[in-house]
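Every number in this text was worked out from the coordinates using simple rules, so none of it is lab data. Given the structure is predicted, the values throughout are model-derived calculations rather than measurements. Glycine also receives a Cβ, built like all others from the backbone with ideal geometry; neighbour counts cover every protein chain displayed.
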Amino acid sequence: MLRIVISCLIGFVVSALAGRVLIPMLRRMKAGQSIKEIGPTWHMSKQGTPTMGGLMFIIAVIVAVAALSWQDFAAGKFGGGFVLLFALVFGIIGYIDDYFKVKKHENTGLTAPQKFILQLAAAILFTVLMRNFGYLTPDLYIPFFNVTLSVPWPVYMVFAAFVMVGCVNAVNITDGIDGLASSVTMPVMLFFTAVAWWWGHYELGIFSGALLGGLAGFLIYNFHPAKVFMGDTGSLFLGGAVCGLAFALDIPLVLILVGIIYIAETLSDIIQVGYFKLTHGKRIFRMAPLHHHLEMGGWSEVKLVCVFSGITLVMCALAFWGVMYR
């Protein structure tokens, strides 16, 4: 337990200190965010705010895991390292995307097919790796009922790849206003830290605890009005961390609960696009995803962050109750 607490503190301190160095550096590099013209008009004032700030909590997690997980690695417990590697791969994909956006001064980087292929490859490799080291079983644990549903490995592999790619992109969609993705993900990391500690998977708890602290340090600069954005570098890393931990702890179905905001944001986007095409121009939401719809209805960014984070916190508490007696 002490190592998990220390990892959280290291994550916070390193992330907060990294921001003091990284933000001025990003400004000098002119790594400013380009805002979509189709987005809310009041967001145009954020044009030029430094992006790729997700490097702050990524660095923090690497430092914490390197400092505190060596004894787990020596004992053959590589779960935290595997999840970190998985999240880093997605972070690198996001960094490439951010780099092209900054270079072209547009809000378009990698194409959708390019992102999908890279993300799918990462998901498949992670699933194979975790299976070979015994972290995954083809049994889907159903929270609250304390039962498992056995499925064939090929079916499980397809399911895992679909969930991982979907989860990563759902977190990415949630990153649309100041502090939202980071604030919503903090209760999720708290949940995974609690589960890892409860079940004795301390190597995973060190990773999730470090990210919890890293996000708290990042929020110093990312809370409204944001001085820096995490960019796809940060949001894809967060998505990889969320789904990586769910699968490493062998409770992927819990993502339905802890990821309720990610799911709502993604569904609102899918529904909006589908309805628009079916009705040749009509819309259900004022603007998608959901946070923009509520913004245009008069919600402030701070209210959105508080409400969405509060909902996630309640769902995470419910999820912990659903899995604690496994």
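What the table shows:
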item: Mean shadow area of the range 197-313, taken as a quarter of the surface of its Cα convex hull (nm²); result: 8.8
item: Over 37 Å [Cα-Cα, the chain], rounded percent; result: 12
item: Sequence-distant residues sharing a close amide H with TYR141 (under 5 Å, placed H); result: LEU149, LEU253
item: ³J(HN,Hα) computed for each position of the range 284-291 - Karplus, 6.51 cos²θ - 1.76 cosθ + 1.60, integer Hz, glycine/proline x; result: 8, 9, 4, 6, 9, x, 4, 5
item: Pairs of alpha carbons in the range 105-263 whose separation is greater than 22 Å (percent); result: 43
item: Among SER15, SER69, SER208: highest mean-square fluctuation, GNM of the chain, C-alpha pairs under 10 Å; result: SER69
item: Calculated Rg and Dmax of the range 112-200 using C-alpha coordinates, Å; result: 15.3, 42
item: Residue with peak Gaussian network fluctuation, the chain [Cα springs, cutoff 10 Å], from LEU249, LEU238, LEU180; result: LEU249
item: Reachable aspartates and glutamates, given that their alpha-carbon falls under 19 Å from the alpha-carbon of LYS77 and they are not under 8 places away in the same chain; result: GLU203, ASP250
item: Cysteines (scope the chain) whose Cβ has no counterpart Cys Cβ under 4.7 Å; result: CYS8, CYS306, CYS316
item: Summed side-chain charge close to GLY80 - residues other than GLY80 whose Cβ falls under 14 Å, Lys, Arg +1, Asp, Glu -1; result: 0
item: Reachable aspartates and glutamates, given that their alpha-carbon falls under 15 Å from the alpha-carbon of LYS115 and they are not under 8 places away in the same chain; result: ASP97, ASP98, ASP232
item: Sum of side-chain charges, LEU236 neighbourhood, beta-carbon under 10 Å (Lys, Arg +1; Asp, Glu -1); result: -3
